[in-house]
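Working notes, structure below.
The values are calculated or read from the model by the stated rules, or taken from the named source; none is laboratory data. It should be emphasised that the depicted structure is a prediction, and the values quoted were computed from it without experimental measurement. Backbone-built Cβ (ideal geometry, glycine too); neighbour counts: all protein chains shown. In case anyone asks, the SASA skips ligands and DNA or RNA and just uses the protein heavy atoms, side chains included. Shrake-Rupley method; radii C 1.70, N 1.55, O 1.52, S 1.80 Å.
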Amino acid sequence: MRAYLDHAATSPMPREVREAYLDALGVVGNPSSTHQHGQLASEALETARDRIASALGCDRAETILTGGGTESINLAIKGMFWARRRAGSGPVILVAAGEHHATFEAAQWLAETQGATLLEVPIDATGGITPEALAHAIAQAGPDQVALATLMWANNEVGTVQPVAELCAVARTHGIPVHVDAVAALGQERIDFAATGAAALSVSAHKIGGPVGVGALVLGRRTVADPLMHGGTQQRARSGSQNVAGAVAFAAAIDLALDDRGEPWAERIARTRVLRDRLVSGVREVAPEAVMRGPGAESRLVGNAHFTFPGCQGDSLVFLLDAAGVSASVGSACQAGVHETSHVLLAMGVPEDEAAGALRFTIGPDTADSEIDALLEALPAAVARARVAGLS
Ligand code: PLP
């Protein structure tokens with residue numbers, strides 16, 4: 001059996017979600033149609049939307065279903081920027097340093113083509129964004145110059161969970177709306193949109209066992225975002241016929257990942273933490289030279305373990321582990337088949353040669369002990385070979 005330790009890339013779809021998805025694919029009708037077929041499709045869609053909204057602590061009217069995390073983030077950042085500029089705000093977008101490429105590239109595009117000015121909010125050595133760093137960036141830009149701020153709930157590479165409500169409170173004292181990328185946090189953290197004070201929040205279904213290409217943007221009632229795509233305006237700020245089966249499968253994945261009706265959520269989280277801690281202590285035992293990166297356990301996603309291996313290249317380790325039946329990741333983006341050194345580690349102050357040896361393991365509550373055993377068995381030889389390759 002192969003070991004799958006890359007849940008942050010995409011997590012396996014559980015049988016219950018597959019069944020709900022397949023059933024919903026049989027629903028005939030466009031939910032915008034007024035006939036009975038359409039109304040039945042609309043009922044399935046809106047029931048799913050209610051479920052997603054309640055899991056995210058927001059209203060159904062605030063829940064825009066999208067084609068995944070990347071679309072949600074683009075709609076939030078570009079849409080909010082355009083709307084705020086029309087309303088007379090300044091051109092500055094505050095972007096935290098360890099953000100996902102979907103955020104960076106969207107903001108960069110606005111800077112290159114739409115007159116935005118980007119100002120980076122630094123992260124600390126654990127990947128954390130402090131309220132002081134955000135306050136300092138706001139003061140540096142001038143509060144009335146800032147159109148919006150965008151930051152992650154939790155970092156997808158090193159697992160740092162940010163003090164989201166505190167950060168939003170800092171921005172709100174200056175009337176600055178905050179978009180939160182909660183893609184990596186969903187499932188592992190309790191997300192309560194209303195309690196955060198955020199203006200918008202992005203999530204994606206496939207990180208919790210739902211389908212790829214399905215996500216949601218929570219757009220607060222008072223948040224205005226111009227649309228990216230024009231058409232039928234089926235949803236506030238988003239046009240296009242709605243994906244009923246995708247929404248039903250997303251809601252089913254939320255039921256399994258977040259619901260307390262079966263196994264309580266807190267127990268699933270505790271189980272994942274025990275597995276992760278076993279993985280971490282096992283890695284430390286078989287590869288004592290590995291350096292754990294990111295925060296301590298109290299502010300790290302429970303499913304995340306991230307190390308750098310001195311003298312090794314992360315992509316060699318991924319290749320060698322893969323050959324031994326273990327799927328893991330370097331964590332950072334891949335451009336044209338070549339892995340970039342992680343911008344997150346570099347922003348945390350990790351020297352480039354050390355950052356090159358990054359390896360991320362991400363698990364879920366159903367990860368088997370045998371998968372961790374397989375990693376611990378394969379790792380020493382993979383590290384030894386990667387180190388030899390690194391010297392040549
Ligand atoms: N944001 C974060 C933190 C992610 O980890 C990802 C996926 O890797 C995305 C956004 C993009 O989400 P999607 O794959 O649904 O487009």
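Could you tell me which of rounded, prolate or oblate describes segment 257-338, using a ≥ b ≥ c as the square roots of the eigenvalues of the alpha-carbon gyration tensor, with rounded for a/c under 1.5 and, failing that, prolate when a/b is larger than b/c and oblate otherwise?
It comes out prolate by the Cα gyration axes.
Think of a 1.4 Å ball rolled over the protein heavy atoms: segment 15-258 then has 39 Å² of accessible area per residue. Along the axis of the charge dipole computed for segment 15-258 (Cβ charges of +1 for Lys and Arg, -1 for Asp and Glu, origin at the Cα centre), the listed residues GLY79, ALA53, HIS136 are led at the positive end by GLY79. Among complete DSSP H helices in the chain, those whose alpha-carbon atoms stretch at least 18 Å along the helix's long axis and whose mean Kyte-Doolittle hydropathy reaches 1.0 are 244-258. Springs between Cα atoms under 10 Å define the GNM used for the chain, and in it the highest mean-square fluctuation of ASN155, ASN304, ASN74 occurs at ASN74. Averaging 1/r over every pair of different alpha carbons in segment 251-392 and inverting the result gives a Kirkwood radius of 16.0 Å. Look at where the Cα atoms of segment 285-331 and of segment 45-88 average out, and the two centres are 34 Å apart.
Mind checking which of GLY231, GLY240, GLY213 has the largest fluctuation in a GNM of the chain, springs on alpha carbons under 10 Å? Looking only at GLY231, GLY240, GLY213, the biggest GNM fluctuation is shown by GLY231. Close amide-amide hydrogen proximity is noted between LEU148 and LEU94, each under 5 Å apart and 5 or more residues distant or on a separate chain (H modeled in the peptide plane; Pro and chain starts excluded). Per residue, the Cα convex hull of the chain amounts to 139 Å³.
Taking all pairs of different Cα atoms in segment 137-219, averaging 1/r and flipping that mean, what Kirkwood radius in angstroms comes out?
By the Kirkwood definition, the hydrodynamic radius is 13.4 Å.
Shown for segment 44-149: the carbon plus sulfur share of the solvent-accessible area, taken with all protein chains present and a 1.4 angstrom probe, equals 53%. Between ARG238, ARG84, ARG222, the Gaussian network model of the chain with springs among Cα atoms under 10 angstrom shows the greatest mean-square fluctuation at ARG222.
Given charges of +1 on the Cβ of Lys and Arg and -1 on the Cβ of Asp and Glu, with all other atoms neutral, how large is the dipole of segment 253-330 about its Cα centre, in debye to the nearest 20?
For segment 253-330, the charge dipole is close to 160 debye.
DSSP beta bridges confined to the chain are antiparallel in about 50 percent of cases.
For THR117, the residues 5 or more places off, or on other chains, whose built amide H falls under 5 Å of its own are VAL92, ILE93. Taking one quarter of the surface of the convex hull spanned by the alpha-carbon atoms of segment 169-253 gives a direction-averaged projected area of 6.2 nm².
Close amide-amide hydrogen proximity is noted between ALA8 and THR362, each under 5 Å apart and 5 or more residues distant or on a separate chain (H modeled in the peptide plane; Pro and chain starts excluded). With only the Cα atoms considered, segment 1-139 has a convex hull volume of 190 Å³ per residue.
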